[in-house]
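Here is the structure we will look at.
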Amino acid sequence: MFDSLWNFIHNLFLSIMSNNGPAVPRTIYSGLQLIPSRFYDMVCDVPTTDRPVFVVKEIRWYKQRTSLEHEYLVARLQRRGGSRAMFATIERGPSTSANQVQVSSTPSPSFLSKEVYAYDLITCLSQEDMHRRIAGDDLLATCTFPELRLVEFSRLVHIVSQYETSYQVNTTMCHWFAAAIMEVARSRFSRPRTDNSPVPAYSPPRGAGCYSFINTVTSEWTNDFRMIEQKYEDDKSVDPNPIGPERERAIQREDEARAEGLQEGLQQGLQQGLQQGLQQGAARERAAAEERERALIAEIAKRDREAADWAQKLIEEAANATEAFRALQAQLRRDGGTV
């Protein structure tokens with residue numbers, strides 16, 4: 001069902017991540033647990049052309065029948081046009097770590113009397129595992145979506161998780177976390193939007209937000225949900241096609257490879273241009289030398305002709321002088337004189 005998505009993630013992700021949460025594994029499986037930021041990164045590493053294929057068709061809101069009355073969401077994930085599905089539980093609990101390092105095991109709510117860091121978790125489940133998880137729990141509400149892309153749902157869950165990172169038993173606990181995601185998702189995606197009206201005043205479903213018959217819902221929840229919705233809209237406006245860290249690194253490597261290829265091309269072009277320029281310069285120099293040689297030969301030939309003409313003129317003048325001398329001698333002999 002999700003083979004192409006999971007195989008893509010398998011090929012992209014490294015086995016070692018930072019210690020700010022559980023490492024993203026090399027395979028995706030039922031029972032995998034990720035904090036919202038890791039899940040969002042995972043989805044954003046899918047190429048933008050493939051993202052419209054994966055959608056969230058439905059979100060269900062459950063309440064456990066335990067003394068803690070824990071509330072959580074179950075999202076139905078599937079391929080557009082497909083019938084088979086995978087499921088993801090989305091929930092909040094108190095973190096047991098003082099430095100807010102999130103781990104893959106379920107935290108033990110052993111201290112609910114003070115403000116602690118929240119531990120938000122997304123767990124991927126098969127249909128069988130999902131049925132086992134919700135067995136015996138009360139269904140509080142259901143919301144279906146005509147077109148909710150998985151990348152936008154994961155963006156919303158990430159924003160809700162980052163909006164308030166503390167866990168307080170009377171405010172930002174599991175009830176608030178489930179309500180925030182459900183209410184904003186219902187407002188933005190469950191029906192066509194014709195305006196930008198904010199989330200209306202929050203009215204929880206029957207049994208939601210109660211602990212031992214104590215209602216924890218306050219008027220501040222409505223304000224929180226409106227702020228979250230605005231943060232979602234702002235984030236989407238600034239970054240409509242988010243890119244995950246692995247995808248970003250892959251793009252960076254591609255850009256570096258292109259830049260390196262361009263640099264090599266420029267160097268080769270410069271070398272070829274230099275060689276060509278030298279060859280053209282040598283050819284021009286040879287042509288100029290040949291032209292100078294032809295001009296010198298022409299000049300020598302011209303001077304040779306002038307010298308020959310001058311010599312011929314001297315010969316003619318000498319011949320004329322000789323002839324005149326002979327004529328003078330002949331005249332003198334006739335006249336009886338001597339030269």
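Computed from label points 7 Å out along Cα-Cβ, the spacing between residue 317 and residue 270 is 6.9 nm. Amide H contacts of residue 167: 116, 117, 118, each under 5 Å away and 5 or more positions distant or on a separate chain (H built 1.01 Å from N in the peptide plane; Pro and chain starts excluded). Per-atom-type breakdown for region 279-339 gives carbon and sulfur 56% of the accessible area (1.4 Å probe, protein chains only). Within 10 Å, Cβ to Cβ, of residue 85, how many net charges do the neighbouring residues add up to if Lys/Arg are +1 and Asp/Glu are -1? Cβ neighbours under 10 Å give a net charge of +3.
Rounded to the nearest Hz, the phi-derived 3J(HN,Hα) couplings of region 266-276 under the Karplus curve 6.51 cos²θ - 1.76 cosθ + 1.60 (θ = phi - 60°) are 5, 5, 5, x, 5, 5, 5, x, 5, 4, 5, where x marks glycine and proline. Taking all protein chains as shown and a probe of 1.4 angstrom, residue 322 keeps an accessible surface of around 60 Å².
Phi angles of region 126-131 translate, via the Karplus equation with coefficients 6.51, -1.76, 1.60 and θ = phi - 60°, into HN-Hα couplings of 6, 4, 5, 5, 5, 5 Hz per residue; Gly and Pro are given as x.
Dipole check for region 259-339: with +1 at the C-beta of Lys and Arg, -1 at the C-beta of Asp and Glu, and the Cα centre as origin, the magnitude is about 560 Debye.
The slack between residue 49 and residue 302, meaning 0.36 nm per residue of separation minus the straight C-alpha distance, is 82.9 nm. Using the Karplus relation 6.51 cos²θ - 1.76 cosθ + 1.60 with θ = phi - 60°, the per-residue 3J(HN,Hα) values for region 284-292 come to 5, 5, 5, 5, 5, 5, 5, 5, 5 Hz, with x marking Gly and Pro.
Amide H contacts of residue 122 (H built 1.01 Å from N, in plane; Pro and chain starts excluded): 34, 35 sit under 5 Å, all sequence-distant by 5 or more or on other chains. The calculated FRET efficiency for residue 285 paired with residue 309, based on their beta-carbon distance and R0 = 45 Å, is about 0.80.
The values are calculated or read from the model by the stated rules, or taken from the named source; none is laboratory data. Quantities reported herein were computed from a predicted structural model and do not represent experimental measurements. In this analysis, Cβ positions are derived from the backbone assuming ideal geometry, glycine residues included, and neighbour counts consider all displayed protein chains. These accessible areas exclude ligands, DNA and RNA; they are computed on the full protein's heavy atoms, side chains included. Shrake-Rupley method; radii C 1.70, N 1.55, O 1.52, S 1.80 Å.
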